[in-house]
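The values are calculated or read from the model by the stated rules, or taken from the named source; none is laboratory data. All of these numbers come straight from a predicted model, not from anything done at the bench. Positions of Cβ are generated from backbone atoms using ideal geometry, with glycine treated the same way; all protein chains shown enter the neighbour counts.
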Amino acid sequence: MATLVHRRFGEAGLLVTAAVSGFADAHAFAGSAGALVSRSAVEVRDAALAVLLAVSSNAVTKVLLATTSGPRPYLVRVFGGQAAVLAATWAGFLLAGR
């Protein structure tokens, strides 16, 4: 699906697809992004940004599920873990771009 969206809508379509699909499963999109890179259809940095968007939207899903499935201390732990992972991952991406 990522390939079709990328062909039709370009970079913006890829990023939107990443963000939306990440709510359900970030790993599946990461595989699609890797396939696009291997065929030289997308630059590595663009694919990395798309995967980060998928991971970020997936983190939102995890926090929302934690909100409804456990006591407040559970939510605090899940939120803290997701925030730490996202901060480190985005920092690495942004620092690598320099």
Sort through 41, 50, 35 and tell me the only one that's within 10 Å of the chain's Cα centre (by Cα) and within 26 Å of residue 10 (Cα to Cα).
-> 50
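Looking at 16, 20, 44, which is the one that is modelled with pLDDT of 90 or more and within 22 Å of residue 95 (Cβ to Cβ)?
44
Go through the stretch 47-76 and give me each residue that's small (Gly, Ala, Ser), part of a helix (DSSP H, G or I) and surrounded by fewer than 18 Cβ atoms within 10 Å (Cβ to Cβ).
69 - this is the single residue of the stretch 47-76 that is small (Gly, Ala, Ser), part of a helix (DSSP H, G or I) and surrounded by fewer than 18 Cβ atoms within 10 Å (Cβ to Cβ).
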Give the stretch 11-46 a look and list any residue that's buried (at least 19 other Cβ atoms within 10 Å of the Cβ) and of a type in the set (Val, Ile, Thr), or say none.
-> 17, 42
